[in-house]
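Here is the structure we will look at.
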Amino acid sequence: GELFQDYAVNRSRRSIESLMDIRPDFANLKTEDGVRRVSPEEVGTGSTIVIKPGEKIPLDGRVTEGRSSLNTSALTGESLPYDVGPGSDVLSGSIN
């Protein structure tokens, strides 16, 4: 019984560690003075962030301008690109 419990605990620990790797360490916050790199925790509700090509999306949100194809395979397991544009909802951990 303990063998199965240890296996389950280790597997859960690895799953949590892999989820922590999905979240980026910064967000590009759009301000009146331009764009400033901040911690995702510093971004308030209603703020606008800029996602550059190849960057991970740091927070769940909605696209306000521009179009792109996102790589959501780390979240969904699907390898197909997810096309987004104004009004599309996006999830943290997706890659632009």
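As a check on your grasp of the helix formula, calculate [θ] at 222 nm for the chain: sum -39500 (n - 2.57) over DSSP H runs of n ≥ 4, divide by the residue count, round to the nearest 500. Mind showing how you got there, number by number?
On the way: 2 runs with 25 residues, N = 96.
My calculation for the chain gives -8000 deg cm²/dmol from helical runs alone.
Tell me which residues come under 5 Å, amide H to amide H, from Ser94 once H is placed; ignore anything under 5 positions away on its chain.
Ile57
How about segment 7-96: which trypsin sites (Lys or Arg not before Pro) there lie in a loop by DSSP and see at most 11 other Cβ atoms within 10 Å?
Here the trypsin sites (Lys or Arg not before Pro) that fit, given the DSSP loop and packing criteria, are Arg67.
Helix 2-22 against the longest principal axis of the chain: what's the angle in degrees, Cα atoms only, rounded to the nearest 10?
Around 10 degrees separate the two axes.
Taking 8 Å as the Cα distance limit and 6 or more residues as the minimum spacing, I'd like the relative contact order of the chain as a percentage.
25 percent
What are the ³J(HN,Hα) values, in whole Hz, obtained from phi via the Karplus relation 6.51 cos²θ - 1.76 cosθ + 1.60 with θ = phi - 60°, for each residue of segment 73-86 in sequence order, with x given for Gly and Pro?
Result, ordered by residue: 4, 5, 9, 10, x, 8, 8, 7, x, 10, 7, 10, x, x Hz.
Only the coordinates and a few stated rules stand behind these numbers; no lab work does. Small disclaimer: the values here were computed from a predicted structure and weren't measured. So basically every Cβ, Gly included, is an ideal-geometry build from the backbone, and we count neighbours across all protein chains shown.
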